[in-house]
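The values are calculated or read from the model by the stated rules, or taken from the named source; none is laboratory data. Small disclaimer: the values here were computed from a predicted structure and weren't measured. All Cβ positions, even for glycine, are placed from backbone atoms using ideal geometry, and neighbour counts span all protein chains on display. Each accessible area value is taken on the protein alone, full model and side chains, heavy atoms only, with ligands, DNA and RNA left out. Shrake-Rupley method; radii C 1.70, N 1.55, O 1.52, S 1.80 Å.
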Amino acid sequence: MSELQQIGPVAILGFGNQGEAQALNLRESGIEVVVGARSGHAAETRARDLGFPVHPLAGAAAHAAVAAVLLPDEVVPTLWPELSSALQRGARLVFAHGYNLLYSRLALPASDVVVVAPTGPGRVLRALYQQGQGMPAYLAVHRDASGKAWGTAESYAIAIGCPAARHWRTTVREETEVDLFGEQAVLCGGMNALVTAAFETLSARGYSPEIAYLECVHQLKYLADLLHERGVAGMRRGISGTALFGDLTRGSRAAGADVRARMEGILEDIRSGAFAREWAAEEASGGRRLAELVEQASRHPIETARRAALGLAGDPEAEGGKSRKALSKN
Ligand SMILES: NC(=O)c1ccc[n+]([C@@H]2O[C@H](COP(=O)([O-])OP(=O)(O)OC[C@H]3O[C@@H](n4cnc5c(N)ncnc54)[C@H](OP(=O)(O)O)[C@@H]3O)[C@@H](O)[C@H]2O)c1
């Protein structure tokens with residue numbers, strides 16, 4: 001019997017991207033799971049349909065020996081007073097990201113608090129688990145009240161499908177700062193800015209927007225897959241000689257020393273807390289600026305080019321994913 005099975009029920013608070021995958025994997029690992037979801041919303045129905053006992057968030061927290069906080073990071077501080085007052089004394093807390101811990105956005109009880117951060121989306125975590133494979137995870141201990149917090153983090157990680165051989169022990173600071181930097185500089189912000197700039201460069205010189213889209217955006221997946229499988233040097237072995245020469249002689253002109261300097265600025269905003277303060281102010285004002293930025297970006301010609309290039313019709317929001325209205329606190 002694993003340590004987690006001995007400790008008692010795990011409450012999954014938030015049944016979305018991570019919550020659903022973690023709940024399913026925990027259940028198949030023999031752990032008793034209760035789900036917390038707000039009533040009348042999609043997550044509640046989905047969790048019930050999958051056969052989980054579902055309670056309002058605070059009700060599920062009250063059942064838990066271990067509570068996994070798998071709600072959007074930006075909404076947790078608003079929900080926290082009710083959630084934390086419902087927790088049993090000594091209930092252990094698991095977060096999937098250190099954001100609210102590093103920036104001291106929550107008044108925490110005097111129990112164990114750990115971070116178990118899978119290194120990919122929930123649907124991939126679930127698929128790998130079902131294939132009998134595992135996903136790497138970052139583990140960190142924010143507070144070790146029992147002296148057993150690392151053990152809790154490790155057994156939780158194993159039960160959600162991140163095997164011990166793929167655990168990376170880190171700190172809340174490193175996990176949070178590197179995660180934010182990665183998504184801002186490369187994975188989301190940097191990548192989107194780079195492909196948009198390339199698309200605009202070609203379109204402005206009269207090249208067909210559809211061909212510019214296919215070349216600079218759509219094909220990215222094939223190269224990203226090579227990079228994922230083989231690393232930078234291995235990817236370079238998989239491309240043509242002409243592409244290789246262009247890569248090594250021109251790539252640093254697209255993103256060179258000046259980009260490094262700007263990346264330093266992005267990192268400094270994360271390390272100083274300036275980014276977190278700006279994001280908190282945005283949430284507090286109802287998320288209007290973010291909604292406007294999303295709306296503005298959705299009208300960029302790159303979206304029209306995408307629909308034309310891929311033969312898609314209709315409403316881009318119908319294609320799935322998050323639409324960003326002003327942030328709702330309920
Ligand atoms: N996404 C990833 O790939 C990933 C990877 C590693 C770690 N993480 C971390 O995992 C945690 C959870 O992220 P996530 O992406 O899984 O979250 P998410 O899918 O965006 O949200 C989880 C659920 O929270 C509910 N929710 C949203 N707003 C709410 C509110 N105001 N009150 C109550 N419930 C609300 C939603 O369900 P309803 O709207 O149906 O109520 C949603 O399904 C975060 O700490 C994140 O940083 C995420």
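Report yes if some residue within the range 269-288 is at pLDDT below 95, more than 26 Å from the chain's Cα centre (by Cα) and not aliphatic (A, V, I, L, M); otherwise report no.
no
Pick out, from the range 142-212, the helices (runs of 4 or more DSSP H) lying fully within it that include 3 or more residues that are in contact with a strand residue (DSSP E or B) (Cβ under 8 Å, 6 or more places away or on another chain) and open to solvent by less than 70 Å² (accessible area, probe 1.4 Å).
Once the helices (runs of 4 or more DSSP H) in the range 142-212 are filtered for at least 3 residues that are in contact with a strand residue (DSSP E or B) (Cβ under 8 Å, 6 or more places away or on another chain) and open to solvent by less than 70 Å² (accessible area, probe 1.4 Å), what remains is 149-160, 172-181.
Checking residue 256 against (1) under 30 Å from residue 98 (Cβ atoms); (2) at pLDDT below 95: exactly one of these is not met. Which one?
(1)
Using the structure shown, decide if residue 121 is within 26 Å of residue 164 (Cβ to Cβ), surrounded by fewer than 18 Cβ atoms within 10 Å (Cβ to Cβ) and within 22 Å of the chain's Cα centre (by Cα).
yes
Residues that are within 22 Å of the chain's Cα centre (by Cα) and away from the ligand (no atom under 16 Å from the Cβ): does the range 200-217 have at least one?
yes
Residue 292 - would you say it is free of Cβ contacts under 8 Å to residues at least 60 places away in the same chain, open to solvent by 100 Å² or more (accessible area, probe 1.4 Å) and farther than 30 Å from residue 232 by Cβ?
Criteria met by residue 292.
Among the residues in the range 233-256, are any among the aliphatic types (A, V, I, L, M), part of a helix (DSSP H, G or I) and in contact (Cβ under 8 Å) with a residue 60 or more places away in the chain?
Yes, some residue in the range 233-256 is among the aliphatic types (A, V, I, L, M), part of a helix (DSSP H, G or I) and in contact (Cβ under 8 Å) with a residue 60 or more places away in the chain.
Tell me, which helices (runs of 4 or more DSSP H) wholly within the range 1-116 include 2 or more residues that are near the ligand (Cβ under 9 Å from one of its atoms) and buried (at least 24 other Cβ atoms within 10 Å of the Cβ)?
In the range 1-116, 17-28 are the helices (runs of 4 or more DSSP H) which contain 2 or more residues that are near the ligand (Cβ under 9 Å from one of its atoms) and buried (at least 24 other Cβ atoms within 10 Å of the Cβ).
Being open to solvent by 90 Å² or more (accessible area, probe 1.4 Å) and of a type in the set (S, T, N, Q) is the requirement here; does residue 249 meet it?
no
Got a number for residues in the range 220-246 being surrounded by 12 or more Cβ atoms within 10 Å (Cβ to Cβ) and closer than 22 Å to residue 302 by Cα?
The qualifying residues number 3.
Within the bounds of the range 132-155, is there any residue that is acidic (Asp, Glu) and closer than 21 Å to residue 30 by Cα?
yes
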